[in-house]
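Pasting in a structure now, in structure tokens, and then I'll have a few things to ask.
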Amino acid sequence: MSGSAIVIQGLIHRYGDHRALAGLEMEIQAGEIFGLLGPNGGGKTTLFRVLSTLLPVQAGSVTLLGFDVQTQPDAVRAAIGVTFQSPSLDIKLTVTENLKHQGHLYGLSGKPLQQKIDELLNELGLADRRNDRADSLSGGLKRRVEIAKGLLHNPKVLLLDEPSTGLDPGARHDLWRYLDSLQKEHGVTVFVTTHLMEEAEHCDRLGILDSGELVALGTPDELRATVGGDCLSIVCEDPDALSKSIEEKFQVKPQRLADSLRIEMTAGHEFLKDLVEAFPDEVKSVSLGKPTLEDVFIQRTGHRFWEGDEK
């Protein structure tokens with residue numbers, strides 16, 4: 001499969017005076033796992049709801065597999081599988097009963113539906129839980145059933161809103177292993193929203209969203225490479241005063257982040273030594289590391305991942 005699965009052009013969405021999406025421009029290639037990374041309130045869920053036809057396109061355009069989300073919502077719904085952040089299982093029904101009722105919504109029934117249910121239960125490691133009530137399942141198993149619901153009608157695009165919510169590390173690992181197999185073996189395009197850095201690392205490409213704006217786009221490696229060098233984080237009593245002193249002595253301008261300073265440079269380990277020797281009383285602590293996705297976010301937005309205004 002090749003070409004674009006999702007094309008977003010000039011997408012704007014407002015809730016009254018609040019701007020949730022600000023002229024978003026983005027293309028998601030068919031057959032890739034694409035992650036939309038951003039803090040809670042950054043606009044991820046609004047975009048997810050537009051893609052899944054739950055919110056109207058107020059301005060701009062969105063096409064999914066060539067179908068216009070605004071004018072062809074039924075065609076879009078038939079082409080996508082959706083797993084929402086909020087649970088959607090009927091906890092008093094068994095795993096199989098939940099899947100059968102979901103299949104009926106898509107016009108599936110009889111032997112074809114049962115065969116598809118059996119296939120998904122086997123692929124997702126749920127075969128031995130088929131007759132268990134949903135309220136007896138762990139969070140990880142419930143999430144697998146949610147994904148199975150979204151795949152019953154063989155969608156070409158799978159939309160997942162914060163899929164790891166409530167999952168322990170082992171269940172999260174199993175989830176991503178299955179998403180990888182969906183992509184590689186079935187060519188499914190996977191669109192994931194997340195606020196977890198480690199989850200974003202699994203994606204082929206990432207869009208970083210902040211306050212409704214796309215601030216970065218690329219593979220995880222490409223994004224980290226834009227930072228370059230090492231990243232030093234300096235905790236001190238008076239960030240403004242220390243920043244001025246560092247700039248005067250080393251001709252390096254730190255970036256202010258709340259009660260700390262941040263500096264990007266090559267050979268950071270050498271500068272760290274000089275910094276501590278020059279300002280032993282001012283520096284309370286300092287850490288050094290290679291660029292992370294949070295460093296990319298800080299570089300592009302000027303604030304830490306959880307310091308933006310809630311949107």
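Fully extended, how many nm does the chain gain between Gln9 and Gln58 (0.36 nm per residue separation, minus their Cα-Cα distance)?
In short, 16.4 nm is gained.
If you average 1/r across every pair of different Cα atoms in the chain and take the reciprocal, what Kirkwood value do you get, in Å?
21.5 Å
What is the sum of charges, Lys and Arg at +1 and Asp and Glu at -1, for the other residues whose Cβ falls under 13 Å from the Cβ of Ala5?
The answer is -1.
Which residue, Glu162, Glu32, Glu264, tops the fluctuation ranking in a GNM of the chain built on C-alpha contacts under 10 Å?
Glu264
Related question: Just how far, in whole angstrom, is the range 253-311 from the range 18-58 if you go by their alpha carbon centroids?
30 Å
Please name which of Leu182, Leu24, Ser109 has its Cα lying farthest along the dipole of the chain towards the positive end, using unit charges on Cβ (Lys, Arg +1; Asp, Glu -1) and the Cα centre as origin.
Ser109
How far, in degrees from 0 to 90, does helix 139-151 lean away from the longest principal axis of the Cα atoms of the chain, to the nearest 10?
Long axis of 139-151 versus the principal axis of the chain: about 60 degrees.
Could you list which residues have their amide H under 5 Å from that of Ile33, counting only those 5 or more apart in sequence or on another chain, with H placed in the peptide plane?
The list, which skips near neighbours in sequence, is Val190, Asp204, Arg205.
Which cross-chain or sequence-distant (5 or more) residues have an amide H under 5 Å from the amide H of Asp210, H modelled 1.01 Å from N in plane?
Val215
Moving on. Could you work out the helix-only [θ] at 222 nm for the chain, with each DSSP H run of four or more residues adding -39,500 (n - 2.57) and the total divided by the number of residues, to the nearest 500 deg cm²/dmol? Don't skip to the answer; put the middle values down first.
On the way: 11 runs with 113 residues, N = 311.
Only helices count here, giving -11000 deg cm²/dmol.
Further, regarding this structure: Suppose every K and R has +1 on its Cβ and every D and E has -1 on its Cβ; what is the size of the dipole of the range 8-135 about the Cα centre, in Debye to the nearest 20?
280 debye
State, to one decimal in nm², a quarter of the convex hull surface area for the C-alpha atoms of the range 229-290, i.e. the direction-averaged projected area.
3.5 nm²
Relative to the longest principal Cα axis of the chain, at what angle does helix 239-250 sit, 0 to 90 degrees, rounded to 10?
The two axes meet at around 60 degrees.
Lysine pairs, Cα distance under 25 Å, 8 or more residues apart or cross-chain: how many in the range 4-219?
Counting lysine pairs in the range 4-219 gives 24.
Moving to a separate point now. Ordered by residue, what ³J(HN,Hα) values in Hz, to whole numbers, does the range 79-96 give under the Karplus form 6.51 cos²θ - 1.76 cosθ + 1.60, where θ = phi - 60° and Gly and Pro are x?
Using θ = phi - 60°, the values come out as 9, 10, x, 10, 10, 7, 5, 6, x, 10, 6, 7, 5, 8, 9, 6, 4, 4 Hz.
So if we plug the beta-carbon distance of Ser285 and Val215 into 1/(1 + (r/R0)^6) with R0 = 41 Å, what FRET efficiency do we get, rounded to 0.05? The partial results should precede the final answer.
Working: r = 28 Å, r/R0 = 0.69.
For R0 = 41 Å, the calculated efficiency reads 0.90.
Output the 0 to 90 degree angle, nearest 10, between the alpha-carbon long axis of helix 268-278 and the longest principal axis computed from the alpha carbons of the chain.
Orientation of helix 268-278: about 40 degrees from the principal axis.
Apply the Karplus curve 6.51 cos²θ - 1.76 cosθ + 1.60, θ = phi - 60°, to the phi angles in the range 4-13 and return the couplings in whole Hz, x for Gly and Pro.
Along the range 4-13, the couplings run 9, 8, 9, 10, 10, 10, x, 6, 10, 9 Hz.
Then there's this: Give the calculated FRET efficiency between Arg262 and Ser86 to the nearest 0.05, with a Förster radius of 30 Å applied to their Cβ-Cβ distance.
0.25
Turning to a different aspect of this structure: Pop the C-beta distance of Val276 and Arg304 into the FRET formula with R0 = 22 Å and round what comes out to the nearest 0.05.
0.45
For the range 167-180, just list the computed ³J(HN,Hα) in residue order, Karplus coefficients 6.51, -1.76 and 1.60, θ = phi - 60°, integers in Hz, with x standing in for Gly and Pro.
Per residue, the Karplus-derived 3J(HN,Hα) values read 9, 7, x, x, 5, 5, 4, 4, 4, 6, 5, 6, 4, 4 Hz.
Read-outs throughout are calculated quantities, based only on the coordinates presented, and are distinct from any laboratory measurement. These figures come from a predicted structure and were not determined experimentally. FYI the Cβ positions are ideal-geometry reconstructions off the backbone, even for glycines, and counts take in every protein chain you see.
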